[in-house]
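The values are calculated or read from the model by the stated rules, or taken from the named source; none is laboratory data. Remember, it's a predicted structure, so these values are computed and weren't measured experimentally. So basically every Cβ, Gly included, is an ideal-geometry build from the backbone, and we count neighbours across all protein chains shown. For the accessible areas, the whole protein counts, side chains as well, though only heavy atoms, and no ligand, DNA or RNA atoms are used. Shrake-Rupley method; radii C 1.70, N 1.55, O 1.52, S 1.80 Å.
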Amino acid sequence: MSSLHPVVAAVTQRIEARSAARREAYLARLRAARGGKVERAHLSCTNLAHAMAAAPTSAKLLLKEITPQSRPNLAIVSAYNDMLSAHQPLGAFPAWIKEAAQAAGATAQFAGGVPAMCDGVTQGQAGMELSLFSRDVIAMATAVALSHQMFDAGLYLGVCDKIVPGLLIGALAFGHLPGIFVPGGPMTSGMGNDEKARIRALYAEGKIGRAELLEAEMQSYHSAGTCTFYGTANSNQMLMEIMGLHLPGSAFVNPGTPLREALTRAAATRAVAISAEGSEYTPIGELVDARVIVNGLVGLLCTGGSTNHTIHLVAIARAAGIDINWTDFDDLSKAVPTLTRLYPNGRADVNQFHAAGGMGFVIRELLAAGLLHADVQTVAGPGLARYAQEPGLDGGQLVWRGVNGDSLDRDILRPVADPFAPDGGLKLMTGNLGRAIIKVSAVKPEYREITAPALVFDDQDDLLAAFKRGELERDFVAVIRFQGPAANGMPELHKLMPTLGVLQDRGFKVALVTDGRMSGASGKVPSAIHVTPEAVHGGPIARVRDGDRITLNAHTGQVNAEVPPEVWATRQAQAIDLSRRQYGVGRELFAAFRQHVDGAEQGATSFRHPDWTHEPEHAMSAMPATAGIEK
């Protein structure tokens, strides 16, 4: 195994130095919370009786024992609901977990459910304005579930967009408890991604109707399991694997299979072993250190993962007392090659990726190249090398084997020695419009640089209406502003992509600049997103006027309004009336989130960790572009 890559080493050291005081404060609280006895021993007899009143007799016999030999009680925290295809399989998991815990001499209780909204259902709808903040609600709901002091380890059942980050942030608030993440797996493959994109484009042009579109969508999203494209949900699963929070090879095993059930049961057995009462106590707050966070960043970059994780990973790291920023992403991206081609960065889906070698192959390649920290703790035991394996069944028993020596499909998955690109899929953009992120892995090189007049919109529907009126048959940079977390909850603007893609296919040079988010499924149109500071805070994006020439250059990492400096310096930021975005679909209940949220580069969190003060967005936006490391 190679020595650690110098850029990976330097970025890690920089993060550790930046985070030292906050990390130590976090660990001190974790160690203070760690007791020398099972958690329920802290409860009075009345408290304990309430907590086990509904438990079966066999579980009560174990739960009422409070001795040095007491057996652990596992918390099941689940995002189950049967509307989300990805979460519907989780309904069967608690029974399996309880049976496996009992077989290991322990107990398990369903500690609580957390909300799980589907961005696929709310995409382009008003409900999307609650999506990002649902992550914080999930984190708080996780904390509520764990607050009963009944549990010695957690099993966290979740898959999709904001749900896994929320569960992990909540789990890290109880960092003295070990925790294992238990995925549901992707649905089997349906309609090919190219065909799905073609039909969406035809609908955007008005060439087919809603009935034809719905039929195609139902062929794409057709059964229980995660959507199969490589968006935020599947990026979550990649992260939990490469960060050592899943059992090895768990991420992309289909639901409804014997292997998925075996992995779920094994997670419960393993949770007993890593509890404080087990032989390998592994608190999640100590496991998730700076090296593990960097491993997550590397995984995101080498697979062309979702841009949403430039927000979520920052928030996750902060929950563990670790301070990362977009310069860290950018510096690592210069050193980490792209090893996968998954839709929207290619044609393949995650089932094909898994069959070609999957996460075990990726992790083995990155370890061999020194691009991952090998010496980390994982829920499966010490060292990340055990994740360069894949699970299987042998006579009904769960076993792990080494992955293939080479990729089984080099159009989908490649080794470090022969990557799809020498660098990663994400890039930091800087300039007089602030700091932003662009996902370049899905953008063809000829589209990565554009200078064109700005067309300014304060709502994505206004752009779509202009398209229908025939007003967008030209080169332009769409500036969609007042879409940040403080303005309206930072909705994804994926609804724009079919329309902008049609214009690009017609030969026009088009791009997007916004303080909003894009879906993990968005790709081929160059998009500088998460612009910070956001418009509602007076960010420079609010100074742009129709006709200003905007330059977006993903090669150099620059995004600028080509306005004379003396004019730009005196131009006032525009403001708009946001009152219509304060009510409806529950928006009024989230007012405090909008009022207290941090900027995108600070993780867009609405709560304050004890060691973090509220940092204005301009603190990051003022960071010089030269703050990084040259490759």
Tell me which lysines have Cα within less than 21 Å of residue 37's Cα, excluding those fewer than 8 residues away on the same chain? 60, 64
Which shape class applies to segment 290-401: rounded if a/c is under 1.5, otherwise prolate when a/b exceeds b/c and oblate if not, where a ≥ b ≥ c are the square roots of the Cα gyration tensor eigenvalues? oblate
Give the whole-number value, in cubic angstrom per residue, of the convex hull volume spanned by the C-alpha atoms of segment 59-185. 95 Å³
At R0 = 30 Å the Cβ-Cβ FRET efficiency linking residue 582 and residue 545, nearest 0.05, sits at 0.70
Nearest 10, in degrees from 0 to 90: the angle of helix 290-302 to the longest Cα principal axis of the chain is 50 degrees
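Hey, what number do you get for the chain at 222 nm if only DSSP H runs of n ≥ 4 count, each worth -39500 (n - 2.57), divided across all residues, to the nearest 500?
Details: 23 runs with 228 residues, N = 631.
Mean residue ellipticity, 222 nm, calculated: -10500 deg cm²/dmol.
For segment 388-453, count the residues as N, evaluate 2.2 N^0.38 Å, and divide the Cα radius of gyration by that value, please. Could you put the intermediate results ahead of the total?
Working: Rg = 19.8 Å, N = 66, 2.2 N^0.38 = 10.8 Å.
Segment 388-453 yields a ratio of 1.83.
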Any aspartates and glutamates whose Cα falls less than 12 Å from that of residue 427, other than same-chain ones fewer than 8 residues away, would be 328, 330, 331
Given 266-273, 529-536, 405-412, the highest-first ranking by average Cβ count within 10 Å works out to 529-536, 266-273, 405-412
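Classify segment 360-425 as rounded, prolate or oblate from the Cα gyration tensor: take a ≥ b ≥ c as the square roots of its eigenvalues, call it rounded if a/c is under 1.5, otherwise prolate when a/b beats b/c and oblate if not.
On the way: a/c = 3.07, a/b = 1.35, b/c = 2.27.
Here segment 360-425 falls in the oblate category.
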Please report the spacing between the Cα centers of segment 197-244 and segment 283-310 in Å, no decimals. 24 Å
Point-to-point label distance, residue 394-residue 473, nm (Cα→Cβ direction, 7 Å offset): 6.6 nm
P(r) of the chain over all Cα-Cα pairs, binned every 20 Å from zero, in whole percent: 20, 55, 23, 2
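Quickly rank 573-583, 239-249, 469-479, 143-153 as a protection proxy: mean count of other C-beta atoms within 10 Å, highest first.
Descending mean neighbour count gives 239-249, 143-153, 469-479, 573-583.
For the pairs 162/207; 444/495; 196/439, note any where the Cα-Cα span goes beyond 28 Å. Walk me through the intermediate numbers first.
Working: 162/207 34 Å; 444/495 21 Å; 196/439 21 Å.
Where the Cα-Cα span goes over 28 Å, the pairs concerned are 162/207.
Carbon and sulfur together cover what percent of the accessible area of segment 158-249 at a 1.4 Å probe radius? Write down the numbers at each step before the final one.
Values: 1540 of 2650 Å².
Ligands and nucleic acids excluded, carbon and sulfur reach 58 percent.
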How do the peptides 370-379, 423-432, 28-37, 223-232 rank, highest first, by the average count of neighbouring beta carbon atoms within 10 Å per residue? 223-232, 423-432, 370-379, 28-37
Return the distance in nm (one decimal) between the two label points of a simple spin-label model at residue 41 and residue 207, each offset 7 Å from Cα along Cα→Cβ. 7.0 nm
Please report the spacing between the Cα centers of segment 431-449 and segment 114-174 in Å, no decimals. 30 Å
Stokes-Einstein diffusion coefficient for segment 386-506 at 20 °C in a medium of 1.002 mPa s, Rh from the Kirkwood formula over Cα pairs: what value in µm²/s? 114 µm²/s
Roughly what angle does helix 358-368 make with the longest principal axis of the chain, taking Cα atoms, 0 to 90 degrees, to the nearest 10? 90 degrees
Can you compute the modelled spin-label distance between residue 144 and residue 82, with each label point 7 Å from Cα toward Cβ, in nm? 2.3 nm
Cα gyration tensor shape of segment 423-569, rounded if a/c is under 1.5, else prolate or oblate by comparing a/b with b/c: rounded
Per principal axis, descending, Cα span of segment 148-196 in whole Å: 50, 16, 14
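Report the antiparallel proportion of the DSSP beta bridges in the chain as a percent, rounded to a multiple of 5.
Taking every DSSP beta bridge within the chain, about 45 percent pair in antiparallel fashion.
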Relative to the first principal axis of the alpha-carbon coordinates of the chain, what is the inclination of helix 232-242, with its axis defined by its Cα atoms, in degrees from 0 to 90 and to the nearest 10? 50 degrees
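Want the number for residue 347 to residue 446: 0.36 nm per residue separation, take away the alpha-carbon distance, what's left?
Values: separation 99, 0.36 × 99 = 35.64 nm, distance 1.93 nm.
Contour length minus the Cα-Cα distance gives 33.7 nm.
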Give the distance, in whole Å, between the Cα centre of segment 321-386 and the Cα centre of segment 490-562. 27 Å
